[in-house]
Structures are given as structure tokens and as C-alpha cells.
């Protein structure tokens, strides 16, 4: 896993993934006490950065593998990313999703042409289900984060951050990244280490699901004690990946743990001040930037708003924090 | 008023206004029955295209005029655009706003450093108030739409549409534009006439406030019979401008009238499918693209989402249309 794989993924993705904008607001700067730059990855195709990894992985397959098809297991965003990438490659896709994923994510994945298989997040093991289906049908498994071509795809987001922040004259800053298994976090960290070494990644996680933060602190892989019951469903994973954790150990600063309420308030402020829709898990980094100013140094922070697939009821709940 | 003024405004705006992205979704294409491209001008600084016109006008002032200050009257978005442009030029700004404008717009205008003067939209004449204050204090009046440098600034949005759509290979399409007094509509129309003559502007207006549509149909300036009571407050004006109307007559196709309910549904779909926040008046063009397919020809339509400054309660009402 290295920067050349990320650069190669950027070549393959060119013209397919959207180059998402960096957004700002003087109102957010005032809350954070420093300049806040938001990489609006919720505006990516399928509403999250996961399209990058999905496209990168599918576009790296052999012609034979493309013909047979792909399989992925996902709480929703990886599902949609892989589904659309597969459809654009005319490749069949089977997606294994938890039955408690937001309804809109399940429906969207089906609408993007994928076959959806549901499982119970509390009692069944998605890895086992994915491996069995892959084996039976000869499908190529595209893991959500612990997969080199997926990490490379997510890393293309880091190349854009490096280039855009250089253009804005920001060379020293922390980059808060919403973190589940660490695919995006490690991909961005690798890209920035090569292209913008003054920009340091800080994983942001929800309270109670802070496996990466604890793993970075202890120096070994730590697990979450539960795997459901969070509004931040998109970034809940059992533990950091075998591939992603060493990369994060080498390149990331300490993790930042935010509350669900802070995520909801960050969503509301993104609505009011940036006019973007962010889902709870996708708002963890912005919540860190706005509500945990003491954890950052310097006069600028970059927050990656990783996804925007959220049910209307949850979004309405976030808006209530404005009044 | 000509294309050279728009090109000059684009030079002055470079690096100050945000180049807003073109967003798409296969789900919106399916609803509309053709490809839909959304110019997300709600992501512009201050949340609407009005920052373009504000910056263009302020940046064209003499040093003396910059020192004395500017005045603007506005239902809100022009206010914020002028206020921020003035602040970034270190120029004092007085903004005359209707007392029934959304609370968030009034608060934002004040927070951007402007002095806000409120008036009653039903009983007072904002033009008279603006002219009197301008006269008393020696301020330069920046009209919201019937002002060459403002039209030139809004036209920069059209230059971007021309360039981006050429890059996407779309050379023949209608461009639906949310239309109040016609500043943005005429600016985009002038830019496209010069740079992308196969792209034709279609003004989109809310029911009951369709002065431009009726004026284009009759060939003379028609007035609205009322000036308040619409969710689409941002694009409610008494009549098309003396400058903007002849430009629209020359370059625009027929207007399109949409209902408030269609605007709310377009807002909800923009939330769900594009992850952007659009205000009711800013959703009129997307509503036209999605719900009035019979008025367009060809396999593509471009809709300008002009603004995203909306109270949480109104947005929550839009989200209810999803269930």
C-alpha cells in the first residue's frame, strides 16, 4: 500500500468521481475559533466518499472478474458506492446489508441495480455471509476498508485536499476525518504524507464506538463492545483493519471522540451555514472541529464531511438543535 | 450591457466567488425523463448567487465611493451578498430589508457587519426608502437586479455553466433559472448567447408571482398583483427590470410557472438525491425540470439552484413531502 497506488487510482477515477468542493463560512470559523475548511464529500456520487473506493476497486478488476461480478457487505454507503461503480462497468453486484440500515440506503442500493441480501447485525457475521456468497457464485469480494484498492480510491480524496489547501495557502493544519474501519482515514493519511506533510490526519469517532482512538492510544487493535445502536451507523465497525491500522499508527495524530448530540448540532450548522446535507456519522469530523477546539493546534482545521445519506426524520431531529 | 462586462466581472470575481459544482443524480434523471444537471449556486458564499452581483458591483466602485459606503434593499439574499462583498472591501454597508424576511437572513446580514433597516413590505416602498437613505448619507445604491454591474456579476454563473456543460458534451439544452427581477436570468442569458448559443434560458417563477412569464408572453412589462405571502420570498419582485426585461425578451424562451408544493418537493429531492439545501424560491427551476417535463425539448435540462437560505421549519415542511 503506497502513494503510487493512490495516484494510479486517481488516474482511473478521473472524470468518474466528482471533485468535491472545499466549503467555508465565517460563522463556522467564529464557533471553532479558527478557520474551518469542509471537504464536502457528501456531494460525491451516491452521497459519500465510498464511490471513490468502489470505483477504484471495480476498475482494477480483470475482464473475467468483471464479467462474473462483485459482492460487498456494507451498512449502506459502501453498498451504494460499489453498486454504482459496478453498474457503470456493466458488472453484476450483490450487496450484503444489515437489516437495520436506513431504509433510504437499502432502497437506493436496489435502485442502483444491485441484488441486496439482508442480515441481522446483532446475531449474524457479515464477513462470513459475504465470504460464503462470494465462494458460491465466484464473485469478487470488495471489502469496505481493509482492501488496498479501496484504500487507494479513498486516498484520492486526500490528493484533492493536498492540492486545494496548497492553493489556499494552508500548509500546516489538522485534518479531521470521520473514521469507521479506517479506509478513508488511512488513504487520506498516506496521500497527505506524500503530498502535504504539514497536514496531519485526526480520526473522529462517536462515543461508545471509539475503537480507532483507543487502538491508537494503546498501540494495538482494540474492539468496540457493541456494533449497533448509534445514529452514526455509517462509521460503526468492529475494529480497525489489519491494513489500515498500521498506516494510521504511522501517519495519524490522536483520535477525537464526539457525542451523538455534537454530530446532530454539526449537521444543523452544515445545513444553516454551508447548505449541505450531512449524515450523523459524516458529521463527526465537523463536530470535532467545531466543538473540540482544544484538541487542535494552529489557525486552521480541515474537516471531511464524509456522507450525506440520512433519513428525513433523523435530519429533522438535527434541525431541532437550532432552536 | 454586454458580454465584455460579464467577462470583466469574472476577472474581478476570480478567487473571491466560489466556482459552484454541477450536480447530478440518476434518480432525478428518472423523475424528469431526461438528464438533469443542477448548478448548485446555493453553495456560493452567503448561500446564493447574489454574492456574485454584490462583489461585481462593489469591486467596480471608485475609491471614494468605497470609502463612503453602499446601500442595498433586499428580501435577504442580495443583502447578504452585498454585506459580505462590502466587508471584504472594508466598505460600510446599509441594508434595507422587509420585516417579514426569514429571521435567519436578517440575523445573517447583521452578523456580516451590515447595518440593517427594516420596512413593511405591504405598506412601504423599498425603492423610496433606499433612495432617501442613499441621498442622506451619500451611499452608493446597489440595486438588486436592474443594475449593469450586478447583472454582469450574475452573468459569471452563466460563463461557468457554458464551460462546464461544454466539458460534459452538452451543447443543446434548456437552462431553467429561478427568476425574480431577472438579474441572474438576464446575466446568464447574455453569457450563454455569447458562449453556448445552444443553451437557452427559461425563467422559472412561482404561481401568483409570474410577472416575467406574463411579460414575456405579452411583450410588455406586467406587474404582480401582490408582493408577499409566498414561501418563495427570495424571488418575489413587483415586475421585471427595465434593463433585464429587454435582455430576457431577446434571449430567453417562455417562462415556466411552478407551484409552491412543487418547490417543496424539489427541495426534498435535492436533500435526498443531491445532498444540498435549497430554499423554496431557489428550487423553482429544479421543480420546473422535474415536474414540468413537457415544457422542455431534448434529452438534457440544466436547473440553477439559486439559493439555500431557509429556516429550519420551512425545510422540515419540505422534508414531509418525502413520506
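The values are calculated or read from the model by the stated rules, or taken from the named source; none is laboratory data. Since this is a predicted model, take the numbers as computed values, not measurements. Neighbour counts run over all protein chains shown; Cβ positions are idealised from the backbone, glycine included.
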Next item on the list: Report whether or not residue B:176 is farther than 24 Å from residue B:1 by Cβ, surrounded by 15 or more Cβ atoms within 10 Å (Cβ to Cβ), touching a helix residue (DSSP H, G or I) at 6+ places or on another chain (Cβ under 9 Å) and modelled with pLDDT of 95 or more.
Entry: no
Check: Would you call residue B:133 at pLDDT 90 or above, away from chain A (no Cβ under 14 Å), within 26 Å of residue B:88 (Cα to Cα) and surrounded by fewer than 24 Cβ atoms within 10 Å (Cβ to Cβ)?
Finding: no
Notebook entry, point to check: Since residue A:275 meets every condition but one in (1) free of Cβ contacts under 8 Å to residues at least 12 places away in the same chain; (2) surrounded by fewer than 20 Cβ atoms within 10 Å (Cβ to Cβ), which condition does it not meet?
Noted result: (2)
Notebook entry, point to check: Conditions: (1) touching a residue at least 40 places away in the same chain (Cβ under 8 Å); (2) surrounded by fewer than 17 Cβ atoms within 10 Å (Cβ to Cβ); (3) assigned by TED's automatic domain parsing to the domain that holds residue B:169. Residue B:30 meets all but one. Number of the miss?
Noted result: (1)
Next item on the list: Please indicate, with yes or no, whether at least one residue in segment A:87-104 is modelled with pLDDT of 95 or more, over 19 Å from the mean Cα position of the chain (by Cα) and in a helix (DSSP H, G or I).
Entry: yes
Checklist line | Residues being surrounded by 24 or more Cβ atoms within 10 Å (Cβ to Cβ) and in contact with a helix residue (DSSP H, G or I) (Cβ under 6 Å, 6 or more places away or on another chain) - total across segment B:291-310 | finding: 8
Margin query: Quick check on my filter: what residues within segment B:1-28 are within 12 Å of chain A (Cβ to nearest Cβ), more than 14 Å from residue B:270 (Cβ to Cβ) and part of a helix (DSSP H, G or I)?
Written below: B:26
Check: Within the bounds of segment B:255-268, is there any residue that is over 17 Å from the mean Cα position of the chain (by Cα) and closer than 18 Å to residue B:217 by Cα?
Finding: no
Check: Within segment B:196-214, how many residues turn out to be in contact with a helix residue (DSSP H, G or I) (Cβ under 6 Å, 6 or more places away or on another chain) and surrounded by fewer than 24 Cβ atoms within 10 Å (Cβ to Cβ)?
Finding: 1
Next item on the list: Identify the single condition in (1) under 27 Å from residue A:228 (Cβ atoms); (2) within 15 Å of the chain's Cα centre (by Cα) that residue A:156 does not satisfy, given that it satisfies every other one.
Entry: (1)
Note to self: Quick check on segment A:251-264: of everything there that is over 24 Å from residue A:191 (Cβ atoms) and assigned to a helix (DSSP H, G or I), which residue is nearest to the other protein chains (Cβ to nearest Cβ)?
What the structure shows: A:264
Check: Looking at A:76, A:81, A:69, which one is free of Cβ contacts under 8 Å to residues at least 60 places away in the same chain, outside the structural domain of residue A:182 (by TED's automatic domain parsing) and buried (at least 18 other Cβ atoms within 10 Å of the Cβ)?
Finding: A:81
Check: If residue A:320 satisfies every condition in (1) within 21 Å of the chain's Cα centre (by Cα); (2) within 14 Å of chain B (Cβ to nearest Cβ); (3) modelled with pLDDT of 95 or more but one, which is the exception?
Finding: (1)
Next item on the list: Could you grab me the full set of residues in segment B:54-77 that are under 22 Å from the mean Cα position of the chain (by Cα) and either farther than 22 Å from residue B:183 by Cβ or assigned to a helix (DSSP H, G or I) (or both)?
Entry: B:54, B:55, B:56, B:57, B:58, B:59, B:77
Checklist line | Filter result for the condition that a residue is part of a helix (DSSP H, G or I), within 14 Å of another protein chain (Cβ to nearest Cβ) and either in contact with a helix residue (DSSP H, G or I) (Cβ under 7 Å, 6 or more places away or on another chain) or buried (at least 24 other Cβ atoms within 10 Å of the Cβ) (or both), over A:267, A:248 | finding: A:267
Next item on the list: Residue by residue through segment B:29-53, note down the ones that are in a helix (DSSP H, G or I), within 21 Å of residue B:96 (Cα to Cα) and within 14 Å of another protein chain (Cβ to nearest Cβ).
Entry: B:45, B:46, B:47, B:50, B:51
Next item on the list: Would you mind stating whether residue A:221 is assigned to a helix (DSSP H, G or I) and away from every other protein chain (no Cβ under 14 Å)?
Entry: no
Check: Among the residues of segment B:286-313, how many are assigned to a loop (DSSP other than H, G, I, E, B), within 11 Å of another protein chain (Cβ to nearest Cβ) and either within 15 Å of the chain's Cα centre (by Cα) or closer than 17 Å to residue B:213 by Cβ (or both)?
Finding: 3
Checklist line | Filter result (assigned to a helix (DSSP H, G or I) and free of Cβ contacts under 8 Å to residues at least 40 places away in the same chain) within segment A:105-152 | finding: A:106, A:107, A:109, A:110, A:111, A:128, A:131, A:132, A:135, A:136
Checklist line | Selected residue [surrounded by fewer than 18 Cβ atoms within 10 Å (Cβ to Cβ) and in contact with a helix residue (DSSP H, G or I) (Cβ under 9 Å, 6 or more places away or on another chain)] from A:237, A:171 | finding: A:171
Next item on the list: Within segment A:215-239, count every residue that is in contact with a strand residue (DSSP E or B) (Cβ under 9 Å, 6 or more places away or on another chain) and farther than 22 Å from residue A:264 by Cα.
Entry: 1
